[in-house]
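Enquirer: Pasting in a structure now, in structure tokens, and then I'll have a few things to ask.
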Number of protein chains: 2
Amino acid sequence: MTLLDSVVMQGLARHAALTAEDKALLLGLELNPRRMSAGEVLWQESADVDLFCVVKEGWAYSYRNLGNGSMQILKVYLPGDIIGMRDFGFSRRLAGVAMINAGVVSPFTHQQLFEIFSRSPALAAGIMAMAVRQQALLTERLVYLGRYAAHERLAHFLYELYLRLKRIGAVEENGFHVPLSQEQIGDALGLSAVHVSRTFSMLRDEGLVIRDRQRTVLPDPDALAQLVEFSGTYIDEALPSVFQSFA
Amino acid sequence: MTLLDSVVMQGLARHAALTAEDKALLLGLELNPRRMSAGEVLWQESADVDLFCVVKEGWAYSYRNLGNGSMQILKVYLPGDIIGMRDFGFSRRLAGVAMINAGVVSPFTHQQLFEIFSRSPALAAGIMAMAVRQQALLTERLVYLGRYAAHERLAHFLYELYLRLKRIGAVEENGFHVPLSQEQIGDALGLSAVHVSRTFSMLRDEGLVIRDRQRTVLPDPDALAQLVEFSGTYIDEALPSVFQSFA
DNA sequence: GAATGTCGATAACCTGCGTTATGAATATCT
DNA sequence: AGATATTCATAACGCAGGTTATCGACATTC
């Protein structure tokens, strides 16, 4: 899973907006793979911002530990995602990041990012677009936290994972591996672990979700999509055509 | 209120990272001021992405209208903010934007933004940093929606406004003008209008917030900050030092 | 200045979700 | 294999916040 494979960069490449040098620059971000174990912390909240990471294998999540003892999970990162762009322009981390399961990440530095901004406006725009897409997913979750009930939040969360995993080829027969505990899912959705369990039972009874340990199956993804009126076609959307004339 | 006055750009200027040409490019974004009336819609959700805007006067907000009839307000824009960066890299708007009260905005095009990315890596990084800062505020609200009770959400919302307004000189004697109805505040915080009213009464009884029509006073901002353990020093934070060597 | 509409306060009632607790199933360790 | 820790399901209970309704204070329109 390299950055060149990502939807945004594929889009730029298709429009021939990426030169050979651009591609080399991009691959340069992934030269230092590092193996991570489950639960390992990449960085803590408030740590100095020195690196960003490309996720090569495994899942990670960013989180905030709150004064009232609870935790809010902000985002789940899958292979091919860039971690840490949230902190670009800040000197301290706004959130901690930890691995969910074992995996491999490729750290790269601030300097490398500046290098890219200086040498390739096309890549600068592409990276900006990737960061903005991540934000779009966050915004979608904000909407769900604000205005939808537990079963809609959970359905939306699972459907988002389904779409993102399908894009990277990690879905088989509508089923996929979800290494998150119900407690962690609750921390992502602003629900208690108990209520996540109740809600899973409810979705199971309605035939929308089957979950056996870490294996999750969506027997009828379209029915689920209908329940959450998923406005997320944009996940797979190509860059707008104005990007074509920009190389 | 021009972009050059913003915290990020001031930071870049202080480090002499902005050339005269950079400044001219930036001012070029604000050449076409347009007067807007209260409630006027800048664009609807799903509209084509053609422009971005600098807010010169007045307040605006971005919002999503939901299938269940409710609305979620995503972000409130104050003078000096850029509207629409959320949609960069997409062909359709992810959210609608409307004025709250009357004001003035300066639209600029995709092309102008590309021009800036091509001609000035420093400005590219600066604009990226501004976009990321906006996201940081959104993320903070996501945390509050997920894990805090009504009075904490409202206190946090008001304190965020207080800090942002103070930065642009719109706070006098700890008081400021808030042109939002309680219903709109509820739409931002994921609460019903009734409960926003209840919560205002509660904060009033505790001597933390005085609200008379559109005038809001925080008699003791520090006490409020303590209640919300505001982790928002980053709003005023300068760019990290690595940006200095980058011009 | 009457008529109409918007906004906010307060009350009464109800429900979705948090909390606490218990037991079963599974994973991890030795 | 036995011991211990995690994870999950389900139940009982309570409360924060949603919903509906009513009323008064202002604004806006003619």
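Only the coordinates and a few stated rules stand behind these numbers; no lab work does. The structure presented is a predicted model; accordingly, all values stated were derived computationally and were not measured. Positions of Cβ are generated from backbone atoms using ideal geometry, with glycine treated the same way; all protein chains shown enter the neighbour counts.
Enquirer: Can you give me the Rg/Rh ratio for the protein assembly as shown, using Cα atoms for both radii and the Kirkwood formula for Rh?
Expert: Computed over Cα atoms, the ratio is 0.94.
Enquirer: Next up: Taking a point 7 Å out from Cα toward Cβ as the label site, list the nm distances between B:His177 and the same residue in every other copy, smallest first.
Expert: 5.9
Enquirer: Still on this model: Suppose we keep just the alpha-carbon trace of chain A; what are its Rg and Dmax in angstrom?
Expert: Gyration radius and largest Cα-Cα distance of chain A: 18.4, 55 Å.
Enquirer: Now a separate question. Treating the Cα atoms of segment A:3-138 as identical point scatterers in vacuum, please give the log10 of the normalised Debye intensity I(q)/I(0) at q = 0.10, 0.12, 0.15 Å⁻¹, two decimals.
Expert: Log10 of I(q)/I(0), two decimals: -0.32, -0.47, -0.72.
Enquirer: Tell me which residues come under 5 Å, amide H to amide H, from B:Cys53 once H is placed; ignore anything under 5 positions away on its chain.
Expert: B:Ile83, B:Phe108
Enquirer: Counting only other chains, and only Cβ atoms inside 10 Å, what mean value do you get across the residues of A:134-141?
Expert: For peptide A:134-141, the averaged partner shielding equals 5.
Enquirer: In whole Hz and in residue order, list the ³J(HN,Hα) couplings for segment B:134-143 that follow from phi through the Karplus curve 6.51 cos²θ - 1.76 cosθ + 1.60, θ = phi - 60°; x for Gly and Pro.
Expert: Taking θ as phi minus 60°, the curve returns 4, 5, 4, 5, 4, 4, 4, 5, 4, 4 Hz for segment B:134-143.
Enquirer: Starting from a label point 7 Å past Cα on the Cβ side, list the distances from B:Arg215 to the same position in the other copies, nm, shortest first.
Expert: Taking the point 7 Å beyond Cα along Cα→Cβ, the inter-copy spacings are 6.7 nm.
Enquirer: In nm, what does the list of distances from A:Ala102 to its counterparts in the other copies look like, shortest first, when each label sits 7 Å along Cα to Cβ?
Expert: 6.7
Enquirer: With bins 5 Å wide starting at 0, give me the P(r) of segment B:149-233 over every alpha carbon pair, in whole percents.
Expert: Computed distribution, short to long bins: 3, 15, 28, 29, 19, 6, 0.
Enquirer: Cα axis of helix B:110-119 to longest principal axis of chain B: angle in degrees, 0 to 90, nearest 10?
Expert: Rounded to the nearest ten degrees, it is 60.
Enquirer: Could you work out, residue by residue across B:93-101, how many beta carbons of other chains sit within 10 Å of that residue's beta carbon, and then give the average as an integer?
Expert: The mean count of partner-chain Cβ atoms within 10 Å per residue comes to 1.
Enquirer: Something else: With each pseudo-label sitting 7 Å past Cα toward Cβ, what's the A:Leu31-B:Val104 distance in nm, one decimal?
Expert: Here the modelled spin labels are 5.1 nm apart.
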